[in-house]
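J.: One structure, pasted below without further comment.
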Amino acid sequence: MREIVVEMAATGQTGMGFPACYGGGDDVGASIAAFETLAFGDLSVLVKVGVQFGLFGGAILHLGTQRHHDAHLPRLITGELMGCFAMTETGHGSNVQALGTVARYDAARQEFVITTPGEEARKDYIGNAARHAELAVVFAQLEVAGESHGVHAFVVPVRVGGEPAPGVRIEDDGRKMGLNGVDNGRLRFDGVRVPREALLNRFADVSPEGVYESSIDNPHRRFFTMLGTLVQGRVSIAGAGIGISKVALAVATRYAVRRRQFSAASEAEEQVLLDYGLHQRRLLPLIARTYALHFAQDVVRSELHDVFSGITDDAESRRRLESRAAGLKALATWHATGVVQECREACGGAGYLAVNRFAALKADSDVFTTFEGDNHVLLQLVAKGLLTDQASAFEDLDQAGMVRFVTGLAVETVLERASVHKVLERVRDLLPGGDEWDREAGLLDSEYQLAMVRFREEHMLAGLARRIKSGTDQKRDPGEVFSQVQDHVVALARAHVERLVTEAFVEKVRAMPEGDEKAALALLCDLFALSTIEADRAWFMEHGRLTVQRSKAISREVNDLCRKVRPLAVDLVDAWGIPSEMLRAPDLVG
């Protein structure tokens, strides 16, 4: 697998995000786009490339300074120097601030001493660690003169001449559900000494005498600023999830126009699967949602490029990017998991055969929902940003702090910011009223569709703020209050991201010149928006946005849109440009 990564590095595609002066391409957006296409092939290769050039290389680039760039980037970009990203620990995954690994500064020798104090602090599930990594970017609690300064990153040799470096213990994690082409391993550090210059010091440094210095005074803000520079990992994984969905749908759709089953009338030829209404219902809304996520990913990729290229590198742009990357990563990878399963079932027994790709897709993509951040945790970060408004979603607010912050706001202030009443008025303008509730006119109006998803988000935001305030008014513990509303927190975040995805799709269609392509995408956009509303119609009905008649009308419209999209289905999946040889499902696509 290492040889494949090195071979790919020779093409220049994996190094597009690095500075040209070190052999890169100076194009962050292109690096993400190139990475996304790897999802069409072997996902173990995708993950190995992501670890080497995205996580390890990204940490060196974004957390280090020129001394680290000069020392490592040229060989890293070519694949000559292999590395790993040692953040996650056995006892601490998402809670990075509580990592147990310690880096103590020894001023007498001007060295940091890296120590794993116990089994819970061992670095675990680390890609590239078990076989290939020579260096690791190790995240550890920095201690200087007995004072803790929080989590910082260090460049630590883990192999010398192919063997574990002195003081480093390496263990293979063993066989996994999938991605067994990736050498995940465990790392322990027994008093490993590294020079003072090993600290990745873009945001903080330690002088030779042992004086800690940082341009960011607030330790929590410093920590989240450091993590924020690594946001491209989440953007990359979101794109990979969308790519996986494209592969599964391309295979299932092509199979559905080849495979025949039963006949509609006696003595008639058997029908192809995609001519059945149920099969259309199973696949076509998923195609529409994949297109929607694709266009939302375009927006996030562009924002990432602008921020990391310095075009719009301000605090607000970074907060928006961090939130969108976290939310889209969650929805895109959950979508991929659901799509792979639905497409496997839609291909019957043939889909169960290993030769026809779904076994590998299912096993290798499953972990996407939990690496680069567990999806439920990421959505809580998104919601926290919505609740705290001007405060960064990644600043000095733990769960209890967020509860106290929201409690300090008047509920009316939250409502005013959310503009629930304005959205409600807009929805009422667009929805038929009185005896006209059962009319189907207006369902295909994008303003109606947008108003519905906007109302849902804003109503959930105001409702969550009320619940938090009510809990603290009752003198309940802030942590308990947050725990009790976590389902509402995640629901709000999902509604927020679905609103962003809907807006991205609508804006894409509106910007296109008139023609057949725009007409096709408009059908898909309507299908996505209405199937999204249909999937949550219980909520809309509970909150007075849908009557029974209107809900049924939406379901009829979704069925009708599926029939209209059916003749375009193969062209729509072919438009993703996946080479036939990369689908690797000979019994299904020929």
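The values are calculated or read from the model by the stated rules, or taken from the named source; none is laboratory data. Small disclaimer: the values here were computed from a predicted structure and weren't measured. Positions of Cβ are backbone-derived with ideal geometry, glycine not excepted, and every protein chain shown enters the neighbour counts. Ligands, DNA and RNA are excluded from the accessible area calculation, which covers all protein heavy atoms including side chains. Shrake-Rupley method; radii C 1.70, N 1.55, O 1.52, S 1.80 Å.
J.: State whether one or more residues within the stretch 28-43 are within 24 Å of the chain's Cα centre (by Cα), more than 30 Å from Val573 (Cα to Cα) and touching a residue at least 12 places away in the same chain (Cβ under 8 Å). Steps first, please.
T.: Taking the stretch 28-43 first, the residues within 24 Å of the chain's Cα centre (by Cα) are 28-43.
If we keep only those that are more than 30 Å from Val573 (Cα to Cα) as well, we get none.
No, because not a single residue in the stretch 28-43 is within 24 Å of the chain's Cα centre (by Cα), more than 30 Å from Val573 (Cα to Cα) and touching a residue at least 12 places away in the same chain (Cβ under 8 Å).
J.: Mind listing whichever residues of the stretch 177-203 are over 24 Å from Gly50 (Cα atoms) and not in a loop (DSSP other than H, G, I, E, B)?
T.: Phe189, Val192, Arg193, Val194, Pro195, Arg196, Glu197
J.: From Leu583, Leu546, Leu568, which residue is more than 22 Å from the chain's Cα centre (by Cα) and more than 30 Å from Arg344 (Cα to Cα)?
T.: On the way: Leu583 fails: more than 30 Å from Arg344 (Cα to Cα); Leu568 fails: more than 30 Å from Arg344 (Cα to Cα).
Among Leu583, Leu546, Leu568, only Leu546 is more than 22 Å from the chain's Cα centre (by Cα) and more than 30 Å from Arg344 (Cα to Cα).
J.: Considering only the stretch 260-283, I want to know if a residue exists there that is open to solvent by less than 50 Å² (accessible area, probe 1.4 Å) and within 30 Å of Val377 (Cα to Cα).
T.: Yes, some residue in the stretch 260-283 is open to solvent by less than 50 Å² (accessible area, probe 1.4 Å) and within 30 Å of Val377 (Cα to Cα).
J.: Name every residue in the stretch 5-26 that is under 25 Å from the mean Cα position of the chain (by Cα) and open to solvent by 40 Å² or more (accessible area, probe 1.4 Å), in order of residue number.
T.: Met8, Gln13, Met16, Asp26
J.: Out of all the residues in the stretch 101-115, which are open to solvent by 20 Å² or more (accessible area, probe 1.4 Å) and either under 26 Å from the mean Cα position of the chain (by Cα) or of a type outside the set (Phe, Trp, Tyr) (or both)?
T.: If we filter the stretch 101-115 for residues that are open to solvent by 20 Å² or more (accessible area, probe 1.4 Å), which is where we start, we get 104-111, 113, 115.
Correct list: Arg104, Asp106, Ala107, Ala108, Arg109, Gln110, Glu111, Val113, Thr115.
J.: Restricting attention to the stretch 507-526, does a residue exist that is β-branched (Val, Ile, Thr) and open to solvent by less than 10 Å² (accessible area, probe 1.4 Å)? Spell out the reasoning first.
T.: Step one: filter the stretch 507-526 for residues β-branched (Val, Ile, Thr), giving 509.
From what's left, open to solvent by less than 10 Å² (accessible area, probe 1.4 Å): none.
Taking every residue of the stretch 507-526 in turn, none turns out to be β-branched (Val, Ile, Thr) and open to solvent by less than 10 Å² (accessible area, probe 1.4 Å).
J.: Restricting attention to the stretch 455-492, report how many residues are among the β-branched types (Val, Ile, Thr) and free of Cβ contacts under 8 Å to residues at least 24 places away in the same chain.
T.: Number of matching residues: 1.
J.: Sort through Ala451, Ala495 and tell me the only one that's in a helix (DSSP H, G or I), touching a residue at least 12 places away in the same chain (Cβ under 8 Å) and either β-branched (Val, Ile, Thr) or within 27 Å of Asn375 (Cβ to Cβ) (or both).
T.: Values: Ala451 fails: either β-branched (Val, Ile, Thr) or within 27 Å of Asn375 (Cβ to Cβ) (or both).
Answer to the check: Ala495.
J.: Does Glu120 satisfy the criteria of being surrounded by fewer than 24 Cβ atoms within 10 Å (Cβ to Cβ), assigned to a strand (DSSP E or B) and either at pLDDT 95 or above or of a type in the set (Gly, Ala, Ser) (or both)?
T.: Working: surrounded by fewer than 24 Cβ atoms within 10 Å (Cβ to Cβ): yes; assigned to a strand (DSSP E or B): no; either at pLDDT 95 or above or of a type in the set (Gly, Ala, Ser) (or both): yes.
No, not satisfied.
J.: Picking from Gly167, Gly161, which residue would you name as being modelled with pLDDT of 95 or more, small (Gly, Ala, Ser) and farther than 21 Å from Phe203 by Cα?
T.: Values: Gly161 fails: modelled with pLDDT of 95 or more.
The match here is Gly167.
J.: If you scan the stretch 204-218, which residues turn out to be surrounded by 14 or more Cβ atoms within 10 Å (Cβ to Cβ), in a strand (DSSP E or B) and not β-branched (Val, Ile, Thr)?
T.: Step one: list which residues in the stretch 204-218 are surrounded by 14 or more Cβ atoms within 10 Å (Cβ to Cβ), which gives 204-206, 210, 212, 214, 216.
Filter once more, so that each one left must be in a strand (DSSP E or B): 204-206, 212, 214.
Correct list: Ala204, Asp205, Tyr212, Ser214.
J.: Right, here's the next one. Looking at the stretch 139-158, is at least one residue out of contact with any strand residue (DSSP E or B) (no Cβ under 6 Å at 6 or more places or on another chain), closer than 16 Å to Arg186 by Cβ, touching a residue at least 24 places away in the same chain (Cβ under 8 Å) and not small (Gly, Ala, Ser)?
T.: No, the conditions are met nowhere in the stretch 139-158.
J.: Scanning the stretch 548-588 for residues that are touching a Ser or Thr at 6+ places or on another chain (Cβ under 7 Å) and of a type outside the set (Gly, Ala, Ser), which turns out surrounded by the fewest Cβ atoms within 10 Å (Cβ to Cβ)?
T.: Within the stretch 548-588, the subset touching a Ser or Thr at 6+ places or on another chain (Cβ under 7 Å) is 558, 569-570, 573.
With of a type outside the set (Gly, Ala, Ser) added as a condition, the list becomes 558, 570, 573.
Working: Val558: 23, Val570: 15, Val573: 22.
Filtering first and then ranking leaves Val570.
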